[in-house]
Amino acid sequence: MTKRLINRSLAILLVGVLALAIVQSAAFAGEKTCPLRIKGMHCEMCPGQVETALKSVPGVKSAKVDYKSATAKVVVDNSVKPAQLMSAVQKAGFQAEPLKPEAASAAASDPCRH
């Protein structure tokens, strides 16, 4: 009886883990990362302003700006264009430009990578 209970519990746990993996996989489908160079930041408060501007763009999932490297890592859905991100940063008083793709296979017209 105890073995059956343990096996049933393990089966339920396994189904739950698989379901969670499927949901997380679907959540990441259709997303890409857009690395940006940010210009015009002069203090440690500036990254927060840039992040807020980037997150205001519909389709932006997350934005992390690093003051020391003057870069932003922006995760977006496939509908977001780099020009939208750069425009939002410009409206906040900064400049942004796409970082050159690290991979040679990345499309030159879209610096965002899947």
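When the range 60-73 is examined, which residues are found to be touching a residue at least 24 places away in the same chain (Cβ under 8 Å) and either over 21 Å from residue 42 (Cβ atoms) or exposed (fewer than 13 other Cβ atoms within 10 Å of the Cβ) (or both)? Please lay out each step first, then the result.
Initially, the range 60-73 is screened for residues touching a residue at least 24 places away in the same chain (Cβ under 8 Å), giving 60-61, 65, 67, 70-73.
Answer for the range 60-73, where residues must be touching a residue at least 24 places away in the same chain (Cβ under 8 Å) and either over 21 Å from residue 42 (Cβ atoms) or exposed (fewer than 13 other Cβ atoms within 10 Å of the Cβ) (or both): 60, 61.
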Exercise. Any residue in the range 28-47 that's loosely packed, with under 11 Cβ neighbours inside 10 Å: show its pairings with residues that are of a type in the set (D, E, K, R) at Cβ separation under 7 Å, as long as the two are six or more apart or on different chains.
Key: none
Exercise. Among the candidates 82, 58, single out the residue that is modelled with pLDDT of 95 or more, within 18 Å of residue 112 (Cα to Cα) and of a type outside the set (A, V, I, L, M, F, W, C).
Key: 58
Exercise. Given the conditions (1) more than 13 Å from the chain's Cα centre (by Cα); (2) closer than 18 Å to residue 99 by Cα; (3) assigned to a helix (DSSP H, G or I), report the number of the one that residue 52 does not fulfil.
Key: (2)
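The values are calculated or read from the model by the stated rules, or taken from the named source; none is laboratory data. None of these values were measured; they are calculated from a predicted model. Note that each Cβ is placed from the backbone with ideal geometry, even for glycine, and that neighbours are counted across all protein chains shown.
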